[in-house]
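J.: Structure incoming, see below.
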Amino acid sequence: MGSPPLLPPMAAVLCFLAAATGEARGARSCAETRQALAGRGFALGLVPPSLISGEHLRICPQDYTCCASETEERLSQQSRVELRGLVGEAAGFLLSTLSSRQRRFQDFFRELLAGAERSLQAMFTRSYGRLYAQHARLFQGLFVELHRHLQGPRPGLDETLGDFWARLLERMVPLLNPQYSFPEGYLECVGRQAEALRAFGDSPRQLRVQVTRAFIAARAFVQGLATGQEVVAQAVKLSPSEDCRRAHMRLSYCPLCRGTPALRPCNGFCLNVMKGCLASVSEMDPEWERFLDALTRLAERLGGPFSFELAADSISVKISEAIMHLQEHGVQTSARVFQSCGSPRPVPARSRRAAREEAKRRFRIYAPEEKPTTAAGTNLDRLVLDMKEKLRLMRRFWVMLPHALCSNEKLAADITDEDTCWNGQARGRYLPDVTGDGLVNQINNPEVEVDISRPDMPTRQHVLALSSATARLVGACNGQDIDFQDADEERSSGSGAEYNEDRPAPGPGGGVLVGSRHAPDVRGPRREWPGKGSSSRQNQSGGTLNSGARTPSLAAALLPLPTLLSLLGCW
């Protein structure tokens, strides 16, 4: 048999071209692109069934494409929204953590203060009975003011405490001297002399130092978390430049227009685009680190020397110690009051009332297992440890944001997949070098043109907000209330907002100044406390205490007033 006849050369060429044309048509299909665009709400009438010439494109490579001009423009607008969404999603951890911890700490501090008020009311009701009930509004007024100081910056926490001690002394002097009549004008003189008389010993100073530091620290910490949340929320609301928008379009949607929507961008390509688009916010990183350092330091103070928990617990104890000190030194204090404000007018003898049931009562402090729990269901130490760990995870967020975004497999290919990724023009390796981190290194960014000489005003505002918050936090770490530091400096050095002078106050004989009968009011305007009524001006049952009666322990020192009066034979 002979060999089969050979096809003519022209016929062979025609067959080859026909096969190649069929393969090309299969490769040029826009089916995947049409499906992806339909899922995004695009009308398929604008999407060709196969690749067309891309000469009309303004952003994507002007090669064969599945996108008309209108489709490219709409995708470009979506790209801007998507970039903001990606950044917001990456910052979600910061926003949720700062917001939830701010609420948790705020609620915790409020409940600690409310618990301290309940504790004082319970202890004083058991210890002083009817006497406390008659003057309960004085103590309630103190806690009302403390809650206001905790809620936000308010000047005069020293004044609030000073007024409380003055009003308390006005009520105690008639109790110590029931044989005299004390009109309102006389009691106002007594209140003006409260600080100079040091009638309550060193307890007022100790309480002032502990409460003021704790309140400044707690308030600054909660405000710091709120400021951090606000700054992050504003910073993620990007306004991408035109060059950034075009670069992100090439990164995210140009593969779609090429008919290969599943082709992911190369990792280096993604990093250069994101570093260029986020160059301005990366400038927040140094101040962000200082802000986190200050928050961490203050958190440590809250769990240690500036513990709000200890300060709240100490309120009732320090007030009780102060009252007992006044009772022990009642004779001397009364004599100095009479020297300063004049001799009061005696009143006729009156019957003494028995208080046998009240005399049997004893002061006691809650055992640890009896102390009320908070709504947070935890204690301050746990909150502080949790917060410090969360702050650690927030480190270098802004400068590492491009890396975090490009590590998302939905946004970019893995770094090991270098040859089968979208490089901005086609499938293949991305050749340009990846720029360094930070604004300055973007001067030679191959994907986004960045003007490093022109400051970004929104970013500058964010940096200033962080700097201001950091100053308040650092001040609080040193016991200073920065919001009112200038006003405090105008006062005397012993009553400023900074309390680093944990030195004992002078003793009873250590040069206490006792003014004349008409001594000037050195405490400023008189604050009207709730409950300041007739009960503060009228005589109360009781008797003069023997200043020599001393107690061997704190538990004994905190005996109720009726008990001491009974033991001393005054009732």
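The values are calculated or read from the model by the stated rules, or taken from the named source; none is laboratory data. No experiment lies behind these values; they were computed from the predicted model shown. Ideal geometry is used to build each Cβ from the backbone, glycine not excepted, and the neighbour counts take in all protein chains shown. Just so you know, the surface numbers come from the protein's heavy atoms only, side chains and all, with ligands and any DNA or RNA stripped out. Shrake-Rupley method; radii C 1.70, N 1.55, O 1.52, S 1.80 Å.
J.: Once phi is turned into ³J(HN,Hα) by the Karplus curve 6.51 cos²θ - 1.76 cosθ + 1.60 with θ = phi - 60°, what whole-Hz value does each residue of region 285-292 show in order, with x for glycine and proline?
T.: Computed from phi, the couplings for region 285-292 are 4, x, 5, 4, 5, 5, 4, 5 Hz.
J.: Can you work out ³J(HN,Hα) from phi for every residue in region 250-266, in order, using Karplus 6.51 cos²θ - 1.76 cosθ + 1.60 and θ = phi - 60°, giving whole Hz and x for Gly and Pro?
T.: Rounded to whole hertz, the list is 4, 6, 9, 10, 5, x, 5, 5, 7, x, 10, x, 7, 6, 8, x, 5.
J.: Given H placed on each backbone N at 1.01 Å, which residues far from residue 181 in sequence or on other chains put an amide H within less than 5 Å of it?
T.: So residue 181 has HN proximity to 345, 347.
J.: Still on this structure, I have one more. List every residue whose amide H lies under 5 Å from the amide H of residue 50, counting only residues 5 or more places away in sequence or on a different chain, with H placed 1.01 Å from N in the peptide plane.
T.: Residues meeting the criterion, in which the H sits 1.01 Å from N, are 30.
J.: Let me ask another. Before I look further, what does region 75-126 give for accessible area per residue, probe 1.4 Å, in whole square angstrom?
T.: Numbers: 2150 Å² over 52 residues.
With the other protein chains kept in place, region 75-126 gives 41 Å² per residue.
J.: Moving on to the next point. With θ set to phi - 60°, apply the Karplus curve 6.51 cos²θ - 1.76 cosθ + 1.60 along region 394-402 and write out the HN-Hα couplings as whole Hz, x wherever there is a Gly or Pro.
T.: Karplus values, whole Hz, x for Gly and Pro: 8, 4, 6, 4, 6, 6, 9, 4, x.
J.: Which net charge results for the neighbourhood of residue 416, defined as the other residues with beta-carbon distances under 14 angstrom from its beta-carbon, given Lys and Arg at +1 and Asp and Glu at -1? Spell out each step's value before the answer.
T.: Working: positive: 264, 429; negative: 409, 414, 417, 418, 419.
Local charge sum for residue 416: -3.
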